[in-house]
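Report on one structure; see the data block that follows.
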Amino acid sequence: MATIAVLGTLDTKGAEHAFIAHEIRKHGHETLMIDVGTGAPATVAHQITREEVAAAGEIDLNAVLARQDRGESVAAMAKAAPVLLQQLVKEGGIQGVVSLGGGGGTAIATAAMRALPVGFPKLMISTLASGNTEHYVGTKDIVMMPSIVDVSGLNRISRTIFTRGAGAICGMVESKVDATEDKPIIVASMFGNTTQCVEEARIILEQAGYEVLVFHSTGSGGRCMESLIESGLVVGVLDITATEWADELVGGVLSAGPHRHEATGKAKLPAIVVPGCLDMVNFGEPETVPSKFAGRTFYHHNPQVTLMRTNQEECAKLGRILAEKINAYTAPVTVLLPLKAISVISAPGQSFHDPAADEALFKGIKDHLRSDIPVIEQDAEINDPAFAKACAEALLHSLEGQAPS
């Protein structure tokens, strides 16, 4: 039997949360009702009051409510609720969490869920569970379930959705995860254009006794990888694919934000870094490419993805940015440069082949990199098995505390 937190604004959505709690108990589990409402008093019985939630976050709730600013009140609860849930998880008080909400409730509950570890059961039934949910989910495994109708009263639709939601969260907590895997973890960044390189390197690392987790460099993938590095579960970083920086600099759609490549330095982890796929900026359908880029070199990867070749000026800037991020690393780090191609389509004879732009990228890295950081240049394409082997071996040397050859 597990205890599942039912967290929500029990002033406006008390009956709805009480209903899902009842359905959870029908499955044989306990519930812990937590009020994060900021309006009228809660309308249903609960175990943790809004005042207790606020106190966990060291927030004077009465002072906040006295200002009668709903936005400030929601923000205060969104700050306090994560602290409370983290405490409950640490103490073993809950084994899952579920919430129902509209805008305010979703903001509060998902902020709390994002503070919890990957793998901890989290379910958000929301009016906002469609379209772009990135700012609610972040880099965590929050399940967003559309409420279909507003979370406002119980009717034939909402009862069905909430009942299914209760079954979903119960199924999550009842599922046993095999935790016998105890190999040290290496994380790797990959894109379609660097797949062969990462796969070849992964095999070598796994044969050496490591478990390799691969993240797709699509913005959210890079942020997820950074988040896992920060968690303390990782021992090494195989950062083959830096493409998200091209989107961040130029304005593509797959940026991981300005803090990509920072977690490794803060965590003091051995790493290798390759400027993989910095030859491309990602856009959607051709008509979505901003008009200011007319005349540039494009590659239509598929009907939904249009790639734009980075030019010399952009590549020089990208090299400097990457070098400056790596300069903050204190654990052993090696930069590897595949001189013939940084992606499949920048190889000789391919659409993005531009030796001058690649040279600007490599020069930008070398000119701004700390002099004590090794740089290995190979006259190879990024997906050459020999280059992949060099990447894997450089990381293994660093993990063993040796200087890469």
Checking GLU58 against (1) of a type in the set (Asp, Glu); (2) in a helix (DSSP H, G or I); (3) under 31 Å from the mean Cα position of the chain (by Cα), which single condition isn't satisfied?
(2)
Return yes when GLU226 is surrounded by fewer than 20 Cβ atoms within 10 Å (Cβ to Cβ), charged (D, E, K, R) and in the same structural domain as PRO332 (by TED's automatic domain parsing) and no when it is not.
no
Return the pairs, sorted by first residue and then second, in which the second residue is among the polar types (S, T, N, Q), the first residue lies in segment 206-223 and is part of a loop (DSSP other than H, G, I, E, B), the beta carbons are less than 6 Å apart, and the residues are 6+ apart or on different chains.
SER217/SER189; SER217/THR241; SER217/THR243; GLY219/SER255
Among the residues of segment 1-23, which ones are crowded, with 24+ Cβ neighbours inside 10 Å, in contact with a His (Cβ under 9 Å, 6 or more places away or on another chain) and of a type in the set (Gly, Ala, Ser)?
GLY8
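Conditions tested, residue by residue: (1) free of Cβ contacts under 8 Å to residues at least 60 places away in the same chain; (2) buried (at least 21 other Cβ atoms within 10 Å of the Cβ); (3) assigned to a loop (DSSP other than H, G, I, E, B); (4) assigned by TED's automatic domain parsing to the domain that holds SER189.
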| position | (1), (2), (3), (4) |
| --- | --- |
| GLN350 | yes, no, yes, yes |
| HIS353 | yes, no, yes, yes |
| GLU359 | yes, no, no, yes |
| ASP372 | yes, no, yes, yes |
| ILE376 | yes, no, no, yes |
| ALA390 | yes, yes, no, yes |
| LEU395 | no, yes, no, yes |
Flagged in segment 224-236 as in contact (Cβ under 8 Å) with a residue 60 or more places away in the chain and over 13 Å from the mean Cα position of the chain (by Cα), in numbering order, are VAL235, GLY236
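Can you tell me which residue within segment 139-158, out of those that are in contact (Cβ under 8 Å) with a residue 60 or more places away in the chain and buried (at least 18 other Cβ atoms within 10 Å of the Cβ), is farthest from CYS170 (Cα to Cα)? So that I can check it myself, show each step before the final result.
Step one: list which residues in segment 139-158 are in contact (Cβ under 8 Å) with a residue 60 or more places away in the chain, which gives 139-140, 151-154, 158.
Remaining after also requiring buried (at least 18 other Cβ atoms within 10 Å of the Cβ): 139-140, 151, 158.
Numbers: THR139: 23, LYS140: 19, VAL151: 20, SER158: 18 Å.
It comes out as THR139.
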Looking at (1) closer than 21 Å to ALA380 by Cα; (2) acidic (Asp, Glu); (3) in contact with a His (Cβ under 9 Å, 6 or more places away or on another chain); (4) not in a strand (DSSP E or B), which one does ASP239 not meet, given that it meets all the others?
(4)
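Looking at segment 87-104 only, could you name the residues that are farther than 20 Å from HIS17 by Cβ and more than 23 Å from the chain's Cα centre (by Cα)? Before you say what the answer is, go through the steps one by one.
Residues of segment 87-104 farther than 20 Å from HIS17 by Cβ: 87, 90-92.
Answer for segment 87-104, where residues must be farther than 20 Å from HIS17 by Cβ and more than 23 Å from the chain's Cα centre (by Cα): GLU91, GLY92.
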Looking at ALA80, ALA107, can you tell me which residue is over 20 Å from ILE125 (Cα atoms) and of a type in the set (Gly, Ala, Ser)?
ALA80
In contact with a Leu (Cβ under 9 Å, 6 or more places away or on another chain), assigned by TED's automatic domain parsing to the domain that holds VAL333 and surrounded by fewer than 21 Cβ atoms within 10 Å (Cβ to Cβ): is that true of LEU238 in this structure?
no
Surrounded by 15 or more Cβ atoms within 10 Å (Cβ to Cβ) and either more than 26 Å from ARG159 (Cα to Cα) or not assigned by TED's automatic domain parsing to the domain that holds PRO146 (or both): does that describe LEU84?
yes
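The values are calculated or read from the model by the stated rules, or taken from the named source; none is laboratory data. Since we're looking at a predicted model, the values are computed, not measured. A quick note on method: Cβ atoms are made from the backbone with ideal geometry, for glycine too, and the neighbour counts reach across all protein chains shown.
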